[in-house]
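Input: a single structure, listed below in structure tokens.
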């Protein structure tokens with residue numbers, strides 16, 4: 001695969017797939033050009049209003065049925081997720097212009113893959129990040145379909161056949177059977193008769209599907225940003241590895257008559273010639289500039305998302321706890337069990353993605369010092385040595401993403417949350433025995 005062919009395969013907008021999903025759901029991080037702005041904002045308001053109405057209905061159902069521990073924990077599993085989704089929705093709306101600016105920054109200038117700088121590997125590094133981001137989103141969307149599809153199937157089977165007057169034994173108490181819904185929401189009217197039942201049924205399926213795709217796309221964009229940050233650190237690594245080689249090639253291209261002297265000079269451990277030294281200094285400055293711009297981008301992203309990550313981790317801990325309780329009460333051969341297990345896997349997958357990519361950024365950014373140290377310093381003059389020394393000193397403090405400024409996005413944090421959820425589950429289980 002040639003460098004030119006690889007360059008054409010990189011999409012002009014790296015995260016277009018998930019930005020398009022968000023755009024369809026009313027979040028215009030990707031600018032809307034085909035629809036009038038006022039019309040699009042009206043559409044956005046309708047989507048958000050529908051989502052908020054559904055979440056309020058979930059919350060009211062929990063308040064009215066708080067004595068039923070099974071119904072309460074089931075409602076909490078989804079309501080906490082949807083509240084978190086609403087927070088992400090408003091945060092994405094608030095930061096949409098800034099996010100678009102950061103994403104476009106990663107596609108141009110010093111961040112744009114350049115085969116003449118780090119070779120075709122730069123193109124491959126960015127392509128790998130985009131592919132991984134897309135795959136994460138596809139896995140999330142697939143699990144959303146499985147979860148909602150299983151709940152839809154469960155409610156449909158539970159309502160067939162349906163007997164509205166299902167009396168219990170006794171002369172006084174008459175309990176009227178109500179139709180099963182996929183999710184628990186409170187409604188101020190009786191929805192057992194058509195067409196109200198079908199309307200509320202469709203409302204629940206639509207709302208949970210929109211929430212699922214919205215959360216999946218938002219997670220993919222945030223994690224995709226971290227993947228692209230990691231890709232840029234790998235590109236800086238390539239810049240350092242090819243620094244002297246590129247300087248020599250540039251000097252040879254400028255003065256082909258000196259080509260035979262380069263290998264002999266390095267073999268005698270002599271300094272590079274003046275023209276090559278000038279290119280070494282130039283490329284070393286570019287490496288430091290690239291590194292500094294990348295650090296600034298990381299700092300901006302950390303400021304934007306650190307408190308959202310804190311809310312994400314707290315929510316994940318609670319949700320996994322309630323999911324484990326629900327799974328422990330369901331029959332393994334039921335559709336409900338399958339849906340809840342898929343939901344549990346989805347939450348663990350979501351949490352792992354954040355922790356994994358945050359951990360990768362921390363590791364790769366911390367290794368740059370070692371790569372800079374591996375350059376052949378002996379044949380360089382003092383100026384580029386001092387420049388690279390500054391890069392090494394800064395690289396000894398790795399870049400990282402946190403949850404609320406006090407917990408790193410790392411695999412250790414992932415295991416801590418999973419263990420904490422398990423502990424809370426056992427406590428909840430003991431209380432219910």
(request) Considering the convex hull of the alpha carbon atoms of the range 312-352, report its projected area averaged over all viewing directions, in nm², one decimal. (result) 2.6 nm²
(request) Subtracting the Cα-Cα distance from 0.36 nm times the residue separation, let me have the gained length for residue 116 to residue 178 in nm, one decimal. (result) 15.4 nm
(request) Specify the inter-centroid distance of the range 198-221 and the range 49-104, based on alpha-carbon positions, in whole Å. (result) 11 Å
(request) Please state, as a whole number in µm²/s, the translational diffusion coefficient that the Stokes-Einstein equation yields for the range 47-127 at 37 °C and 0.692 mPa s, with Rh defined as the Kirkwood radius across alpha carbon pairs. (result) 201 µm²/s
(message) How long are the semi-axes of the equivalent ellipsoid of the chain, taking √(5λ) for every eigenvalue λ of the Cα gyration tensor, in whole Å from largest down?
(response) 56, 22, 16
(message) When the expected Rg is taken as 2.2 N^0.38 Å, what fraction or multiple of it is the alpha-carbon Rg of the range 320-386?
(response) 2.23
(request) Pop out the Kirkwood hydrodynamic radius of the range 1-159 from its pairwise C-alpha distances, inverse of mean 1/r, in Å to one decimal. (result) 19.1 Å
(message) Suppose a student asked you for the relative contact order of the range 3-432, using Cα pairs under 8 Å spaced at least 6 residues apart; what percent would you report?
(response) 20 percent
(request) Any chance you could give the angle, 0 to 90 degrees and rounded to 10, that helix 382-395 forms with the longest Cα principal axis of the chain? (result) 20 degrees
(message) Starting from the Kirkwood Rh over alpha-carbon pairs, what translational D in µm² s⁻¹ does the range 102-148 have by Stokes-Einstein at 25 °C and 0.890 mPa s?
(response) 196 µm²/s
(request) Compute the distance in nm between two label points, each set 7 Å from the Cα along the Cα-to-Cβ direction, one at residue 128 and one at residue 430. (result) 4.6 nm
(message) Distance between the C-alpha centers of the range 287-313 and the range 120-163? Whole Å please.
(response) 28 Å
(request) Return the inverse of the average 1/r over all pairs of distinct C-alpha atoms in the range 184-256, which is the Kirkwood hydrodynamic radius, in Å to one decimal. (result) 17.6 Å
(message) For the chain, what does the helix formula give at 222 nm: sum of -39500 (n - 2.57) over DSSP H segments with n ≥ 4, over the residue count, nearest 500 deg cm²/dmol?
(response) -26000 deg cm²/dmol
(message) I'd like the orientation of helix 69-105 relative to the chain: the angle between its Cα long axis and the longest Cα principal axis, in ° from 0 to 90, rounded to 10.
(response) 30 degrees
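No value in this document is a laboratory result; all are computed from the given coordinates. Please read these numbers as outputs of a predicted model, since none were measured by experiment. Quick reminder, even Gly has a Cβ in these numbers, built from the backbone with ideal geometry, and neighbours come from all protein chains shown.
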